[in-house]
Amino acid sequence: MPSRRIKVLFFLPSLLTGGAERVTLNLIRALDRERFEPSLVLLRHEGHLLEDLPSDVRIYPLRVRRMRYACFPLACLVRRVRPDVVYSVMDHTNLSAIMAAKLSALWGHRCAVVGSVHSTFSRVLMPKWASLLMKFLIPTFYPMTHRVIVVSQGSKQDMLDQFPKLKDRLVVIYNPAFDEELFHLAREPVDHEWFLDKHIPVVVGCGRLVPSKGFRYLLEAVAITTQDIACRVVLIGDGPERGHLNLLARQLGIDDRVAFLGHVRNPFRYLARADLVVHTSLHEGLPTVLIEAMACGAPVIATDCPSGPAEIVTDGVNGRLISPPGDAHVLARAIVQLLGDRDLAARLARRSKERAKAFHVSRIVQEYERVLEEAAWAVSKNR
């Protein structure tokens with residue numbers, strides 16, 4: 001084990017808003033500074049989350065546009081900065097980190113790589129050629145890591161179904177989804193008029209506006225509920241689906257009851273004041289926003305998609321877990337149930353807030369620190 005602090009170089013494409021990015025930022029902030037010295041390398045020095053990065057974390061932008069160009073400049077950086085561990089986030093980033101570490105070793109500096117997977121691999125849509133390439137690259141290169149952290153048992157099983165030889169490399173550690181700052185942000189005031197009107201409940205969906213998040217089914221479900229209960233929908237986040245969702249709301253005749261807020265600096269103040277938070281993803285790794293909503297004390301409905309929600313929500317105990325994903329009628333019934341029974345919603349919300357504590361950074365950071373220490377120890381023995 002190095003006698004000095006362990007130097008950990010975190011590697012992400014950017015710090016644009018996203019679950020994996022927020023979780024990694026939480027981890028960087030929580031690492032014990034007496035034992036670890038974190039730094040950060042990005043493809044590009046950009047992203048809404050940059051301002052949340054601690055001031056003691058140095059940023060190294062590679063200044064390349066795509067991950068496939070990152071290997072050589074990353075290897076040069078690793079040789080210069082000389083980290084003990086490179087911690088990479090998501091499959092393409094993991095592969096670049098592994099290749100860069102191997103190249104750096106040829107130049108005289110060895111470091112360990114700890115990768116992380118934040119999705120369910122078999123469900124990620126990609127061109128056939130890309131899928132075939134990844135199915136070759138992952139079993140070829142992932143065994144060269146010290147460990148690959150997967151964020152749920154479901155994600156781990158999915159990886160093992162695809163790549164059984166990775167059994168000794170994969171370790172499940174849940175996302176360090178939030179810290180105490182969430183509660184401070186949740187108390188900030190909201191000036192949107194719908195949250196001030198207590199007569200019509202507000203349903204919130206939060207996430208990147210892409211097809212896999214399933215927001216179209218939330219809009220369809222709300223249109224179905226019109227005959228049973230009046231409610232409004234607030235969608236927080238941005239993405240390529242925004243125009244399609246806007247058009248769909250008009251086609252469904254509910255555009256006057258749907259608000260698109262786009263990216264907001266502090267989504268937690270909206271989650272904390274929602275009458276209901278609905279998570280409609282078709283696939284996930286471990287949905288951070290669902291945990292954040294529960295920590296904010298909101299009643300939640302989540303689709304039982306692969307994978308993650310079933311490891312967070314127990315149906316009827318701390319929320320509603322509905323199946324199948326993508327069924328607007330099933331979702332509509334759950335929305336009507338919770339908006340129509342405020343006592344039930346309140347009970348589920350209290351239990352969901354208690355359940356969310358298991359994903360607090362303070363409960364999880366030690367598991368990450370253990371893996372990073374083991375990786376640093378392993379590479380130091382081989383130097």
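Just flag the chymotrypsin sites (Phe, Trp or Tyr not before Pro) in the range 30-114 sitting in loop per DSSP whose Cβ has no more than 14 other Cβ atoms within 10 Å.
Numbers: sites: 36, 69, 87, 107; in loops: 107.
Passing both the DSSP loop test and the Cβ count: 107.
Just flag the trypsin sites (Lys or Arg not before Pro) in the range 151-193 sitting in loop per DSSP whose Cβ has no more than 14 other Cβ atoms within 10 Å.
167, 187
Show me the helices of the chain, taken as full DSSP H stretches, that run 27 Å or more along their long axis by Cα and average -1.0 or above in Kyte-Doolittle hydropathy. Kindly include the intermediate steps, with their values, before the conclusion.
Details: long enough: 361-381 (30 Å, -0.18).
TM-like helix candidates: 361-381.
I need the GluC sites (Glu not before Pro) found in the range 148-239, filtered to DSSP loop residues with at most 16 other beta carbons within 10 Å of theirs.
Values: sites: 180, 181, 193, 220; in loops: 180.
Passing both the DSSP loop test and the Cβ count: 180.
Using only Cα atoms, locate the centre of the range 228-252 and the centre of the range 65-107, then give the distance between them in Å, rounded to an integer.
Using only Cα atoms to place each centre, the spacing works out to 40 Å.
When the helix-only estimate is applied to the chain (DSSP H runs of n ≥ 4, each -39,500 (n - 2.57), divided by the residue count), what is the mean residue ellipticity at 222 nm, nearest 500 deg cm²/dmol?
Working: 15 runs with 162 residues, N = 383.
Value at 222 nm, helices only, nearest 500: -12500 deg cm²/dmol.
At what distance in nm do the modelled label points of residue 317 and residue 228 sit from each other, each positioned 7 Å from its Cα along Cα→Cβ?
2.5 nm
Once both labels are modelled 7 Å past Cα along the beta-carbon direction, what's the residue 344-residue 55 spacing in nm?
Distance between the two pseudo-spin positions: 5.1 nm.
When the label point is put 7 Å from the Cα of residue 4 along its Cα-to-beta-carbon vector, which residues of the range 54-98 have a backbone N closer than 12 Å?
Answer for the range 54-98: 81-84.
By how many nm would the segment from residue 238 to residue 264 grow when fully extended, if each residue of separation counts as 0.36 nm and the alpha-carbon distance is taken off? Write out the running numbers ahead of the final one.
Numbers: separation 26, 0.36 × 26 = 9.36 nm, distance 0.93 nm.
Gain on extension, residue 238 to residue 264, equals 8.4 nm.
Expressed in nm to one decimal, what extension gain is obtained for the pair residue 72 and residue 246 from 0.36 nm per residue of sequence separation less their Cα-Cα distance?
Numbers: separation 174, 0.36 × 174 = 62.64 nm, distance 4.24 nm.
Full extension from residue 72 to residue 246 adds 58.4 nm.
Please identify, among 211, 240, 73, the residue showing maximal mean-square fluctuation in a Gaussian network model of the chain using a 10 angstrom Cα cutoff.
240
Quick one: if you stick a label point 7 Å off each Cα along the C-beta vector at residue 255 and residue 327, how many nm between them?
With each label point 7 Å from Cα toward Cβ, the separation is 3.2 nm.
For residue 156, give me every one of the lysines with a C-alpha distance below 23 angstrom, ignoring sequence neighbours fewer than eight places off in its own chain.
128, 135, 165, 167, 213, 357
Rule-based calculations on the coordinates, nothing more; no lab input. Remember, predicted model here, so these are calculated numbers, not experimental data. Note: ideal-geometry Cβ built from the backbone for every residue, glycine included; neighbour counts use all protein chains shown.
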